[in-house]
Amino acid sequence: MVKHYFSLNYKKWIYTFAMLFVLTILLKYLAPGDCLPKGAPLVFWDYLFIYFSYPIVMILVIPIIYCYLIGDIFTRDCEGGYIEFFLSRISNRVSYFISKVAIVFITSNLLFLCCLVNIIIISLVYKLPFKGEYYYDVVTCSIKSGNNIITTLAIQYGLFILTLSTLGLFILIISLIFNNSFYSFVGSGLLVIQGTLAIFHDQSQMFFSPIVQGMLANHSTFFPYRTLSSGKPDLTFQSFTVIYSMKFLGLMLVLFFVIGCFKIRTMNLSRKG
């Protein structure tokens, strides 16, 4: 079934890589002015972690691209008549749903790899130094806390995969409920709006935004302490940790998986949408 997905969607992945390439070039010019002290040079590791915490990238572009990539993985089976073929060769409907969950996990990893490869390509093209003085908060706070950069990258990878997997299962559940990929984009759009409001208007809502969980720069270990207007530390945001995000996203994944298993067993799969 994974092979079937890529045989139908390989062109989407080519377009996605091209879009990410353009985005990565744009970010190379936007990042220094928005995220670094004036006049500070951009080095590879600052560039990489800025990419995965830049609001336009993580709240807007990545969710929309991911919905574009997997929004029809269920409805296309129904519309093309593939679903009867697949169900005749597997043990039950839940196994079919699990195969779609596997596609979500594989594609989230592949999208991370596409982002990483583009970052490396642009870094080589523009000859960004791989060593030097770091200025971005994620990198500097990580080093001060005793983590090395590879460990921090592994944490970022984990958050990215959990976030996209949660988004992917959310998209899949909507497809199962409405049997129409259009509503997958509507649902993703609502999460984008929620994430935007959480970052730019009411940051206390970050605790409840699935998309925001994937941005490492928002977590308490990776930014300088926030303070209240009184000058006292803002203890609320000290609770927004990587562990919290992993627990939150893990809970969402389990919830969506259970809902999906229940829905796939009770729905009429012969219905076209």
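The values are calculated or read from the model by the stated rules, or taken from the named source; none is laboratory data. Keep in mind it's a predicted model, so treat the numbers as computed, not measured. All Cβ positions, even for glycine, are placed from backbone atoms using ideal geometry, and neighbour counts span all protein chains on display.
Quick look at the values:
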quantity: Residues within segment 25-62 that are buried (at least 16 other Cβ atoms within 10 Å of the Cβ), in a helix (DSSP H, G or I) and over 16 Å from the mean Cα position of the chain (by Cα), tallied; calculated: 9
quantity: Whichever residue in segment 63-77 is under 16 Å from residue 192 (Cα atoms) and among the hydroxyl-bearing types (Ser, Thr, Tyr) and, among such residues, is surrounded by the fewest Cβ atoms within 10 Å (Cβ to Cβ); calculated: 68
quantity: Count - residues of segment 175-204 that are touching a Leu at 6+ places or on another chain (Cβ under 9 Å) and among the aliphatic types (A, V, I, L, M); calculated: 2
quantity: Subset of segment 154-180 [under 13 Å from the mean Cα position of the chain (by Cα) and farther than 19 Å from residue 209 by Cβ]; calculated: 157
quantity: Segment 126-154 residues that are under 12 Å from residue 46 (Cβ atoms), paired with ones that are of a type in the set (Asp, Glu) and not in a loop (DSSP other than H, G, I, E, B) (beta carbon under 8 Å, 6 or more apart); calculated: 134/46; 135/46; 136/46; 139/46
quantity: Candidate set: segment 146-175, residues that are out of contact with any Ser or Thr (no Cβ under 9 Å at 6 or more places or on another chain) and surrounded by fewer than 22 Cβ atoms within 10 Å (Cβ to Cβ); chosen: the one modelled with the lowest pLDDT; calculated: 146
quantity: From 65, 120, residue being within 21 Å of the chain's Cα centre (by Cα) and either at pLDDT below 90 or within 18 Å of residue 211 (Cα to Cα) (or both); calculated: 65
